[in-house]
Amino acid sequence: MGTLYVILLTLHNLTRWLVLLAGVWALLRAFRGVGGVQTFTPTDQRAVTLFMSSLHLQVVLGLLLFAVLGMQNIPTFAGAPRPSFTWEHLGLGLLAAVFATVGNALTKRVAGNQAKFRTASLWTVLSLLAVLLAIPWWRPLLRL
């Protein structure tokens, strides 16, 4: 594989961990206020925004990787253990980014602390589920 492919794959792999950490942080911040009398703080909003931003970066890296791989080695898709996973991975990654973006936007717009925490919780859970389903767990967890 070419150098660009290796660089993109490494960045995409490392960014996966940023996405997971940011998602867990956003979820912990959101769950903290569900059912309580906590105030939704700027730190809570930053956690949701960081998760969304890390997902956007991951999707951009993934799309670049997809474009480079597609241009360099189309037969790889056909020879993969699960060729359909390429499309599942792409679709779930995009869906996760959409969920995180919707959650970020709605969290800013809803009134009241409880509503903000519930909104952040719901959309972060949906997005994290899509992320967890999109990760190819059978591949190496860290590629450098």
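What follows is calculated from the coordinates using simple rules that are stated; it is not laboratory data. Small disclaimer: the values here were computed from a predicted structure and weren't measured. No Cβ is skipped: glycine too gets one built from the backbone with ideal geometry, and neighbour counts run over all protein chains shown.
Structure values in brief
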| quantity | calculated |
| --- | --- |
| Fully extended contour minus Cα-Cα distance, from residue 24 to residue 133, at 0.36 nm per residue | 37.7 nm |
| Whole-angstrom Cα spans of the range 3-134 along principal axes, big to small | 55, 25, 20 |
| Pairs of Cα atoms farther than 13 Å apart, the range 1-57, % | 63 percent |
| Label point distance in nm, residue 34-residue 109, each placed 7 Å from Cα along Cα→Cβ | 2.2 nm |
| Gap separating the Cα centres of the range 11-58 and the range 82-112, nearest whole Å | 13 Å |
